[in-house]
1. In the stretch 249-267, what residues are open to solvent by 20 Å² or more (accessible area, probe 1.4 Å) and under 13 Å from Glu217 (Cβ atoms)?
2. If we scan the stretch 312-328, do we find a residue that is among the acidic types (Asp, Glu) and open to solvent by less than 20 Å² (accessible area, probe 1.4 Å)?
3. Hey, among the residues in the stretch 367-383 that are assigned to a helix (DSSP H, G or I) and without any contact (Cβ under 8 Å) to a residue 60 or more places away in the chain, which one's farthest from the chain's Cα centre (by Cα)?
4. What are the residues in the stretch 426-441 that are modelled with pLDDT under 95 and of a type in the set (S, T, N, Q), if any?
5. Yes or no: the stretch 212-224 includes at least one residue that is modelled with pLDDT of 95 or more, closer than 25 Å to Arg133 by Cβ and not in a helix (DSSP H, G or I).
6. So which residues in the stretch 406-428 are closer than 23 Å to Gly236 by Cβ, assigned to a helix (DSSP H, G or I) and among the basic types (Lys, Arg)?
7. Residues being touching a helix residue (DSSP H, G or I) at 6+ places or on another chain (Cβ under 9 Å) and open to solvent by less than 30 Å² (accessible area, probe 1.4 Å): count how many of those fall in the stretch 362-386.
8. Report whether or not Ala121 is under 26 Å from Arg252 (Cα atoms) and touching a Phe, Trp or Tyr at 6+ places or on another chain (Cβ under 6 Å).
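The values are calculated or read from the model by the stated rules, or taken from the named source; none is laboratory data. It should be emphasised that the depicted structure is a prediction, and the values quoted were computed from it without experimental measurement. Ideal geometry is used to build each Cβ from the backbone, glycine not excepted, and the neighbour counts take in all protein chains shown. Note: accessible area is taken over every heavy atom of the protein model, side chains too, but ligands, DNA and RNA are not part of it. Shrake-Rupley method; radii C 1.70, N 1.55, O 1.52, S 1.80 Å.
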Amino acid sequence: MVLSKAVSESDMSVHSTYRMPENSIPKEAAYQIINDELMLDGNPRLNLASFVTTWMEPECDKLIMAAINKNYVDMDEYPVTTELQNRCVNMIAHLFHAPLGESETAVGVGTVGSSEAIMLAGLAFKRRWQNKRKAEGKAFDKPNIVTGANVQVCWEKFARYFEVELREVKLRDGYYVMDPEKAVEMVDENTICVAAILGSTLNGEFEDVKLLNDLLEMKNRETGWETPIHVDAASGGFIAPFLYPELEWDFRLPWVKSINVSGHKYGLVYAGIGWCIWRNKEDLPDELIFHINYLGADQPTFTLNFSKGSSQVIAQYYQLIRHGFEGYRNIMENCHENAMVLKGGLEKTGRFNIVSKDEGVPLVAFSLKDRSQHDEFEISDMLRRFGWIVPAYTMPPDAQHVTVLRVVIREEFSRTLAERLVLDIEKVMYQLDALPSRLPPPPPPAPLVRKKSELETQRSVTEAWKKFVLAKKTNGVC
């Protein structure tokens with residue numbers, strides 16, 4: 001229910017929430033009104049809940065502003081922008097070890113984010129599976145996809161929107177990612193793919209894609225199926241190649257057919273850019289690609305969106321050539337070192353259990369050791385008084401009894417900020433210790449019942465019979 005109050009006629013042009021104002025106002029006034037309201041938003045640099053980039057160099061900001069009026073879909077009008085996207089696709093495909101020849105062009109597309117990229121990859125898997133089933137004369141109306149319960153909500157959206165059964169491997173206490181063995185057990189002839197996460201949103205952990213590939217290889221050989229893997233590398237795709245180059249998770253594994261990655265996370269670009277890369281052309285069915293010519297030339301397109309800005313594509317290309325492999329590696333190493341500083345500071349307090357792993361996305365997930373008086377949600381709430389935005393949340397089934405706080409370490413989060421955050425967390429804990437508990441009191445313990453000895457039991461039975469016999473005599477029955 002929306003609660004509202006009457007607004008005077010003089011206020012309607014400025015403060016109306018639900019209707020366009022009747023009259024115009026000066027541009028300076030419009031700017032000031034909006035700017036004043038936006039001051040109440042949180043500080044993006046202190047938003048430690050988000051994986052999304054909140055700072056870029058001024059030179060890149062200039063390029064973004066210069067291209068803000070370019071519609072990316074007008075490829076014939078803006079051919080250079082299209083070329084920059086193709087260069088990004090090829091650079092990322094080589095980073096992920098796509099099996100390409102020296103002059104072969106990679107198969108991929110820029111998207112609004114990893115959510116769209118996952119939708120496109122899922123559609124490609126579903127269509128390939130349907131085509132194969134039709135050719136074999138088999139039913140093709142009950143596709144399923146296997147994931148862990150730790151997947152991002154976009155996987156649930158894909159399953160619901162495109163009518164695919166979602167089979168989730170449940171988590172367990174102390175193991176907060178998909179178990180490859182349990183995942184492969186769920187696979188059947190209707191499985192269009194198994195989705196592995198390179199960098200869980202919950203604790204940053206990389207799932208074991210190599211083990212998943214090896215287990216699927218055995219199952220596919222035994223059954224004759226061809227169940228593939230998609231790697232959701234939204235967070236980890238721009239981390240693993242630089243911090244863990246020997247880790248096999250990408251196209252080096254034969255059953256990995258497509259990978260998505262978020263350029264707006266550790267690709268170091270502002271929100272609004274993702275990428276989907278396919279192993280080769282055979283993994284992207286031709287019938288999913290549309291060709292249009294009403295913008296001036298024949299243009300192939302495989303997206304859920306149509307019009308979109310060009311700025312993020314240009315910004316991604318800037319970051320790739322500006323930093324190169326060396327620069328990205330230095331940035332990711334610095335993020336990891338700052339995560340270790342934060343982790344060490346939290347451990348020294350003696351108040352927290354660390355839930356995240358050292359190898360993975362540079363973040364620190366942690367929970368209280370003692371939750372008898374206060375919980376993680378109170379810590380999250382009180383940290384906002386210092387400007388910090390640190391989320392608290394419960395784990396998915398079957399680990400929903402575990403509550404954690406999570407701090408994501410991005411490029412602009414310095415060692416100084418990490419040390420400052422630890423100090424502020426210690427202040428919050430000191431303040432909470434002085435407050436009465438908001439948590440409901442635990443239920444009283446059940447009374448202890450002492451087990452009677454055999455002699456005591458016999459006496460109780462005898463006493464009961466005596467009372468019974470006396471009651472009969474008193475009633476005159478005997």
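1. Pro254, Trp255
2. Among the residues of the stretch 312-328, not one is among the acidic types (Asp, Glu) and open to solvent by less than 20 Å² (accessible area, probe 1.4 Å), which makes the answer no.
3. Met382
4. Passing the criteria: only Ser437.
5. Looking for residues that are modelled with pLDDT of 95 or more, closer than 25 Å to Arg133 by Cβ and not in a helix (DSSP H, G or I), one finds at least one in the stretch 212-224, hence yes.
6. Arg415
7. 11
8. Criteria not met by Ala121.
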